[in-house]
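Structure record follows, encoded as structure tokens.
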Amino acid sequence: MPKDNLNVLNALDGAKTQWYHFTAIIIAGMGFFTDAYDLFCISLVTKLLGRIYYHKAGSSTPGSLPSNVAAAVNGVAFCGTLTGQLFFGWLGDKLGRKRVYGITLLLMVICSLASGLSFGRHPNDVMATLCFFRFWLGFGIGGDYPLSATIMSEYANKKTRGAFIAAVFAMQGFGILAGGMVAIIVSGAFKAQYPSPPYFKNPNGSTVPEADYVWRIILMFGAVPALLTYYWRMKMPETARYTALVAKDAKQAAADMSKVLQVDLEEERQLEKPGEKRGNDFGLFTTKFLSKHGLHLLGTASTWFLLDIAFYSQNLFQKDIFSAIGWIPKAKTMNALEEVYSIARAQTLIALFSTVPGYWFTVALIDKMGRFRIQLMGFFFMTLFMFALAIPYHHWTLPNNRIGFVIMYSLTFFFSNFGPNATTFVVPAEIFPARLRSTCHGISAASGKAGAMVGAFGFLYAADAIGVQKSLIILGVISLLGMLFTFLVPESKGKSLEEMSGEVEQENGNQTQGGRQSSTEIRIA
């Protein structure tokens with residue numbers, strides 16, 4: 001690596017933590033706030049959709065989405081997310097992080113609004129339209145994963161890099177929490193304004209016509225935080241690492257960095273021609289990449305895949321688990337809006353007391369404990385609590401033990417977030433070369449969404465076919481496998497991105513080609 005580029009990157013690694021770092025966390029993090037809100041708010045309204053569009057006259061139980069429709073509504077956004085992660089991850093390395101960063105946010109705004117405006121004369125038409133817009137919503141969400149992680153890792157100094165990337169991802173917890181709170185407020189307001197009897201007293205009257213507005217408002221609210229951060233996202237400059245290492249423009253990298261960080265850079269002359277290629281710029285589909293980073297990519301992709309099977313199964317279908325143990329009243333004892341309120345309250349409590357704290361424990365400790373220890377510990381406790389719930393499952397369904405079940409279930413969320421749910425996001429943004437960083441993060445994240453699809457589709461049918469107890473045992477085994485694959489992932493605590501990716505080692509031999517010498521003077525303010 002030419003010394004000039006190395007000096008620019010050393011300045012980034014050594015820059016003190018300052019206000020712009022926190023601004024970047026908020027700008028990137030609000031994308032993840034929106035991601036989580038949009039992905040998980042659907043689980044709050046699927047019961048309501050069933051009551052509104054699939055009510056059967058004379059039935060003793062409220063209407064519910066057919067299994068195939070429920071699987072599509074819950075899982076179609078993950079299909080879009082997987083596609084978006086691969087596409088925008090690749091595009092972020094080809095065109096630069098900033099150029100495509102705003103596209104993902106606009107797509108999320110438009111499709112959040114469109115999801116709430118889903119139309120049709122027949123129930124299946126409404127569901128098909130909803131699924132169409134949620135696919136493209138997921139496509140935009142998918143782009144946010146590799147771009148936000150890569151941008152934050154490339155802005156951060158090496159001392160607190162893990163905490164900064166984890167803080168961006170931790171905004172997911174607030175997004176899940178916000179989804180529950182919005183659903184509580186909206187359903188509570190409509191419930192007070194349009195009172196109705198429970199289903200067992202009046203099946204037709206238990207779902208007021210105005211309930212159709214409730215799910216639409218909840219879905220459309222996801223556009224608000226994304227829209228609020230669009231302007232600030234567009235003002236962010238390209239990351240200095242991309243400009244220096246991929247675009248080969250150290251002078252522009254220095255200028256960009258000087259604008260946002262308290263680092264003075266004086267460039268006398270350009271050392272690399274923009275777009276210049278060197279022989280060691282190996283691509284993704286090469287034996288050199290396979291030998292240097294193949295196992296790393298297998299480790300980040302496999303652990304994220306296994307984690308998301310368990311994590312999204314729990315999140316999307318916690319309402320079914322809570323109903324199975326009696327924590328949420330039986331559907332026929334409530335009207336439609338009461339059911340939304342009860343489900344949202346349960347999700348909000350879980351998010352408040354386990355999901356959100358778990359994320360921020362990771363933020364606080366990741367640069368002290370390291371990524372490897374936190375991920376291994378998280379998978380271990382997820383495995384432990386899954387088996388502790390599943391093996392004596394009948395015990396937990398007894399009325400006197402239901403609170404204990406909820407506590408144990410909450411702990412699995414806590415250790416997934418103070419564990420692999422955060423670290424699987426952080427590590428792929430640190431260990432791959434700059435020219436492939438966004439792509440490799442996108443591949444790892446897409447593997448995670450493949451796992452989420454397994455969870456969204458598989459757990460739905462598994463819970464019906466083999467019951468909740470055996471499904472929980474399967475999730476415990478999956479968490480155990482996650483522990484084993486964690487050993488493929490290297491520790492990146494305290495190391496520079498170039499040290500982890502091997503770019504310093506790879507490129508040192510070409511420092512003096514063509515007589516180019518260093519001429520950068522750097523003062524860190």
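The values are calculated or read from the model by the stated rules, or taken from the named source; none is laboratory data. Here the structure is a predicted model, which means the values were calculated and not measured. So basically every Cβ, Gly included, is an ideal-geometry build from the backbone, and we count neighbours across all protein chains shown. To get the accessible areas, we keep the full protein, side chains included, count just its heavy atoms, and leave off ligands, DNA and RNA. Shrake-Rupley method; radii C 1.70, N 1.55, O 1.52, S 1.80 Å.
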Show the residue pairs that are 6+ apart or on different chains and have beta-carbon atoms under 7 Å apart, the first residue being within region 392-403 and in contact (Cβ under 8 Å) with a residue 40 or more places away in the chain, the second being outside any helix (DSSP H, G or I) and loosely packed, with under 15 Cβ neighbours inside 10 Å. 399/326; 402/326
Among 58, 96, the single one that is open to solvent by less than 10 Å² (accessible area, probe 1.4 Å) and at positive phi is 96
Given the conditions (1) outside any helix (DSSP H, G or I); (2) within 25 Å of the chain's Cα centre (by Cα), which single one is not true for residue 182? (1)
With touching a helix residue (DSSP H, G or I) at 6+ places or on another chain (Cβ under 6 Å) and either farther than 24 Å from residue 44 by Cα or of a type in the set (A, V, I, L, M, F, W, C) (or both) as the only criterion, which of 162, 179, 222, 140 stands out? 162
Which one is farthest from residue 37 (Cα to Cα), of the residues in region 101-118 that are among the β-branched types (Val, Ile, Thr) and surrounded by fewer than 20 Cβ atoms within 10 Å (Cβ to Cβ)? 103
Could you grab the pairs with beta carbons closer than 7 Å, sequence gap of 6+ or different chains, first residue in region 201-224 and open to solvent by 60 Å² or more (accessible area, probe 1.4 Å), second one modelled with pLDDT of 95 or more? 217/186; 221/182
Looking only at region 125-159, which residues are open to solvent by 10 Å² or more (accessible area, probe 1.4 Å), at pLDDT 90 or above and not hydrophobic (A, V, I, L, M, F, W, C)? 125, 129
Any residue at all in region 455-470 that is of a type outside the set (Lys, Arg), at pLDDT 85 or above and in a helix (DSSP H, G or I)? no
Exactly one condition in (1) part of a helix (DSSP H, G or I); (2) touching a residue at least 60 places away in the same chain (Cβ under 8 Å) is not met by residue 237; state its number. (1)
Please go through region 308-343 and give me each residue that is assigned to a helix (DSSP H, G or I), aromatic (Phe, Trp, Tyr) and either open to solvent by less than 40 Å² (accessible area, probe 1.4 Å) or modelled with pLDDT under 80 (or both), ordered by number. 311, 312, 322
Residue pairs, Cβ under 9 Å, 6 or more apart or interchain, first in region 106-128 and under 18 Å from residue 224 (Cβ atoms), second outside any helix (DSSP H, G or I) and open to solvent by 70 Å² or more (accessible area, probe 1.4 Å). List them. 112/221; 116/221
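This table checks each residue for (1) open to solvent by 10 Å² or more (accessible area, probe 1.4 Å); (2) under 19 Å from residue 361 (Cα atoms); (3) among the aromatic types (Phe, Trp, Tyr).
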residue: 384; (1), (2), (3): yes, no, no
residue: 392; (1), (2), (3): yes, no, no
residue: 397; (1), (2), (3): yes, no, no
residue: 400; (1), (2), (3): yes, no, no
residue: 404; (1), (2), (3): yes, no, no
residue: 414; (1), (2), (3): yes, yes, yes
residue: 417; (1), (2), (3): no, yes, no
residue: 421; (1), (2), (3): no, yes, no
Okay, helices (runs of 4 or more DSSP H) sitting entirely in region 344-406 with 1 or more residues that are under 20 Å from the mean Cα position of the chain (by Cα), I get 356-369, 371-390
